[in-house]
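The values are calculated or read from the model by the stated rules, or taken from the named source; none is laboratory data. What you see is a predicted model; the values in this text were computed from it and never measured. A quick note on method: Cβ atoms are made from the backbone with ideal geometry, for glycine too, and the neighbour counts reach across all protein chains shown. SASA here: full protein model, heavy atoms, side chains in, ligands and nucleic acids out. Shrake-Rupley method; radii C 1.70, N 1.55, O 1.52, S 1.80 Å.
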Amino acid sequence: MANNPSQTHNSAQAIAKMSSYGTLGGSPEWRSLLPTDITGVNAQTENASHDTIDPSNQFEAESQVGLTAAPQLRAGFTAELADVLIPGALRTQWTGPTALNATATRPTSATSAHFVVPTLGSALVVNQLIWVSGCAVASNNGLKVVSGSPSTATIPVSGGLTAETFTAAQNVTIEVCGFQFASGDATIDETAGVYTFGCTAKSATELGLVKGQPIFIGDSSAAAYAFATAADYGPAIVTSTPTATGFTFASTFSTFVDDAGTSKTIRLFFGQTCRTVARTSGDYVESYYQVETSVENLGSANATQYLYAESAAINTLTMAFPAAALATLAADLIATDVTSTGTQRTNASTPTAAKRTLPYNTTSDISGRIFLSSGGIALTGYITSVNLIIENNAQQNPAHGVLGSAITSFGKTRIRAEINAFLTESGGIDAARNNSAVTANWWIRNGECAYCFYIPEARLRNGNANFPKGQVVTIDLPLMANKDATYSASLIVGKIPGCPALPARS
């Protein structure tokens, strides 16, 4: 029997995506969670007994009749964890530009001129922007421009590299994150309030952009990479299917104006996206996970014991962005059972090296607003806090012969936000009272990756106005998203590795 107590600071958690419901798969990739709180790791049992009618004055025949497993993941919001959990919560998958970030696709080495990768379906193209992370040689990491003669096995980059061989533990990844246009090719046109990003030498149809996708226009690291007009810079949303000569965009942080892009090699940043989709969509995926919690001194001879939440599905995912704090992420899951074992599951003892673990600081790394759909008018000034919540309305399904749930079923996905803002605009109150359609987006960005949470259509509800003594008056504005007629989505999430810093928001 173990004699030493199990201490919380010697516990840890990891997560692996299952190949299918009830099946972990032969070579699962485990990722460390770096939790801020550990709770709900063991199954809760339910017993029942007969309340007999007799003079014994006691209950009889107690037996275990039910079991509930509901692990809760609590951690800081990091790109490492968001990449795993966001598509699972939306019951979809990341789609878009090439991302070599899985075990079978990661690069294997670097020569002095190029990265060596497993065979790609098609070679990258010259002037694509890529973001590299995990290399032991620091200069091999970061934003690179594809150059030379790319192939399905090599990715040459401008400026060269330092030769090194990668190990599996390094978790080296390469992700396409944009494109650098030829000098003078990229333009901005503003006509009657409609913005168009234009190009001629490069066909915009080759960029892989889709309607509703978040993008970032320009790069402040060098004058040549951004339009001369300072306002023509920053986050936006693609609003039309790209043609050979360009696409329209909106939801900008500033008022864009005409700019011919003369002598400029403009950089356009974009990455993979995921969004709510219909069950009939090819991108609809019901993801299940195993969650490992290690507890010291729980096994025989004070050995570590491992608790595995089985076939865990995300019921609710809450991304919290409070004022003057670090962003956090909370996932409430529903599992079928929790298994206790002294032996770790396949690959669990060698989890993928945690990367992109920088926190997101809500003082400096977030910007977002709510807009009136009909005219793009901003309805809020400063936002003080946002809780963005994805609810799957998942349910357990008990059955004869099964202790606990036989399978987890899902309801419709609901997207809502709990917002508090300075009461500097009456528009939010009016939009709620008049049942007006609104749109909203929040960008969070640090030196590793940016995420945009775009809600194409929603309705506001008027909450309480708050009058704290000696402070600014604020108002609660609960928001409920709807399926948008243009994009058929209530939430679109875009991630952009290596995204430039967000511009100051006026």
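Observations on the structure shown:
- Spin-label model, residue 284 to residue 358: label points 7 Å out along the Cα-to-beta-carbon direction sit 3.8 nm apart.
- Shape descriptor for segment 380-449: Rg over Rh equals 1.21 (Cα atoms; Rh from the Kirkwood inverse mean 1/r).
- Segment residue 7-residue 255, length gained on full extension (0.36 nm per residue, minus Cα span): 83.8 nm
- Segment 91-153 versus segment 30-83: alpha-carbon centroid distance in Å: 43 Å
- In this structure, the pairs whose alpha-carbon distance is over 22 Å, taken from 211/483; 202/483; 17/355; 144/211; 355/483, are 202/483; 144/211; 355/483.
- Virtual spin-label span in nm between residue 304 and residue 402, 7 Å along Cα→Cβ: 3.2 nm
- Each peptide in 360-368, 21-29, 386-394 was scored by the mean count of other Cβ atoms within 10 Å over its residues; highest first, the order is 386-394, 360-368, 21-29.
- Unit charges at the beta carbon, dipole of the chain: most positive-side option, 16, 251, 261: 261
- Per-atom-type breakdown for segment 1-97 gives carbon and sulfur 47% of the accessible area (1.4 Å probe, protein chains only).
- Carbon plus sulfur fraction of accessible area for segment 412-504, probe 1.4 Å, in percent: 46 percent
- Note on segment 118-220: Kirkwood radius taken over Cα pairs, Stokes-Einstein applied at 25 °C and 0.890 mPa s, translational D equal to 156 µm² s⁻¹.
- Per-residue SASA remark: residue 83, around 30 Å² accessible (1.4 Å probe; ligands, DNA and RNA not included).
- The C-alpha atoms of the chain define a longest principal axis, and helix 79-89 lies at about 70 degrees to it.
- Gyration tensor verdict on segment 347-403 (Cα atoms; rounded if a/c is under 1.5, prolate if a/b is larger than b/c, oblate otherwise): oblate
- Computed accessible area, residue 9, all protein chains, 1.4 angstrom probe, square angstrom: 140 Å²
- FRET efficiency estimate (nearest 0.05) - Cβ-Cβ, residue 136 to residue 480, R0 45 angstrom: 0.40
- Reported label for calculated Cα extents along the principal axes in Å given (i) 87, 72, 48; (ii) 94, 61, 48; (iii) 129, 67, 63: (ii)
- Anisotropy class of segment 64-112 from Cα gyration tensor, a/c 1.5 cut: prolate
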